[in-house]
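Let me begin by presenting the structure, written as structure tokens, before commenting on it.
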Amino acid sequence: MSPRRNRPRGGEQPVGHESANRYGLDRMETWQGEEWVVRQVGGGAAAKHYRCPGCDQEIPPGVAHVVAWQQHMGADDRRHWHKACWSARDRRSAKLQRSRNAPRY
């Protein structure tokens with residue numbers, strides 16, 4: 001007898017599944033009157049140290065997180081946030097303002 005299959009087959013999707021929340025897919029969100037591009041990064045794809053602007057703590061390699069940038073800005077202005085900090089960004093705005101030349105590790 002074969003083991004039970006826990007995942008749906010083929011084209012079936014679980015109830016409440018949103019493809020925009022999958023890793024690597026960009027979605028648009030509005031925050032502070034600006035359009036932001038938001039991308040989920042899985043733990044396997046996170047290979048560097050980042051500093052979260054919401055809590056000013058380090059995001060170590062291997063930790064899933066969120067990358068967000070303003071739609072009209074370039075790739076140099078991307079910010080890496082903890083998922084919880086991005087969800088609570090209205091309450092967790094950056095306390096420390098870094099200059100453009102400051103290290104972002």
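The values are calculated or read from the model by the stated rules, or taken from the named source; none is laboratory data. A quick note: this is a predicted structure, and the numbers were derived from the prediction, not measured. Don't worry about glycine lacking a Cβ; one is built from the backbone with ideal geometry, like all the others, and counts go over all protein chains shown. Protein only, heavy atoms only, side chains kept; ligands, DNA and RNA dropped before computing areas. Shrake-Rupley method; radii C 1.70, N 1.55, O 1.52, S 1.80 Å.
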Q. Would you say ALA46 is of a type in the set (Gly, Ala, Ser) and surrounded by 14 or more Cβ atoms within 10 Å (Cβ to Cβ)?
A. yes
Somewhere in region 25-37, is a residue within 16 Å of SER87 (Cα to Cα), assigned to a loop (DSSP other than H, G, I, E, B) and either modelled with pLDDT under 70 or among the polar types (S, T, N, Q) (or both)?
yes
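For every residue, the table says whether it meets (1) modelled with pLDDT under 90; (2) of a type in the set (Lys, Arg); (3) under 20 Å from GLY43 (Cα atoms).
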{"position": "ARG79", "(1), (2), (3)": "no, yes, yes"}
{"position": "CYS85", "(1), (2), (3)": "no, no, yes"}
{"position": "ARG91", "(1), (2), (3)": "yes, yes, no"}
{"position": "LYS95", "(1), (2), (3)": "yes, yes, no"}
{"position": "TYR105", "(1), (2), (3)": "yes, no, yes"}
Among the residues of region 43-56, the number that are over 18 Å from ALA75 (Cβ atoms) and modelled with pLDDT under 90 is 5
Reported set for region 52-85 where residues are in a helix (DSSP H, G or I) and open to solvent by 10 Å² or more (accessible area, probe 1.4 Å) is ALA75, ASP76, ASP77, LYS83, ALA84
